[in-house]
Amino acid sequence: HRGVTSVALEINIGKIRSVKGARQTFELETDTFDFMVPDWQLSKPLSVSLEVVNEGRYLSLAGTVKTTVEGRCSRCLDKVTQTVETVLAEQLLYAKDAYLYDHLAVGELEEQFYLYENDLFDISEIVRESILAALPMKILCRDDCRGLCLKCGQNLNRGQCDCDTTEIDPRLAILAKLKATEEV
């Protein structure tokens, strides 16, 4: 039985960092993870399976991330659960070797590589970006969610309420008041 941890998602790449062609596999699991957005939380442990290969000038990192997350529908506030399986594919560059890429324009180095400075490399940011890219920008329980009644709060997916939801254009509201006084 593999224990569930709640530490940072760190891998130790010290064994392969300076040996061209070396490869190492990692299996990580955590039951806590900060997405840095309030919309989603883990509902099942997050597992990461990856392989890091020394390609000579840089390390290639490839693997998969699997988890289940939950959030609240932005229209009706019901709980929404979503399974996520996504692929990781990144290049890691030892910060002291950045000079090898002096030919790149400003900003291109950071677009192409994740820089690391020591043998412990935290993959949390890579995992976070991968998961958030796989999730919808707006959480909906279903595409045709009817949301909540603006007057009584009834979930309109579960049934219609008796509220008068006739909307009057605010520019014409004065006419409605005039009509109401005439009918009295």
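Structure notes:
- Among (1) surrounded by fewer than 16 Cβ atoms within 10 Å (Cβ to Cβ); (2) within 30 Å of Gly147 (Cα to Cα) - the single one Trp40 does not satisfy: (1)
- Criterion applied to Glu85, Glu27, Glu51 was being under 15 Å from the mean Cα position of the chain (by Cα), surrounded by fewer than 16 Cβ atoms within 10 Å (Cβ to Cβ) and at pLDDT 95 or above, and the one residue passing it is Glu85.
- Only one entry of Thr25, Thr67 meets the criterion of being touching a residue at least 24 places away in the same chain (Cβ under 8 Å) and either assigned to a loop (DSSP other than H, G, I, E, B) or within 26 Å of Asp143 (Cβ to Cβ) (or both), and that entry is Thr67.
- If the condition is being part of a loop (DSSP other than H, G, I, E, B), in contact with a Phe, Trp or Tyr (Cβ under 9 Å, 6 or more places away or on another chain) and either surrounded by 12 or more Cβ atoms within 10 Å (Cβ to Cβ) or among the hydroxyl-bearing types (Ser, Thr, Tyr) (or both), then the stretch 108-150 contributes Phe113, Ile123, Leu135, Ile139.
- Residues of the stretch 89-107 that turn out to be among the hydroxyl-bearing types (Ser, Thr, Tyr) and assigned to a strand (DSSP E or B), as a count: 1
- The set of residues in the stretch 1-22 being assigned to a strand (DSSP E or B) and either loosely packed, with under 11 Cβ neighbours inside 10 Å or modelled with pLDDT of 90 or more (or both) consists of Glu10, Ile11, Asn12.
- Verdict on Ser74 being hydroxyl-bearing (Ser, Thr, Tyr), under 30 Å from Asp144 (Cβ atoms) and assigned to a loop (DSSP other than H, G, I, E, B): yes
The values are calculated or read from the model by the stated rules, or taken from the named source; none is laboratory data. None of the values given here were measured: they were computed from a predicted structure. Here Cβ is always computed from backbone atoms with ideal geometry, including for glycine, and neighbour counts include all displayed protein chains.
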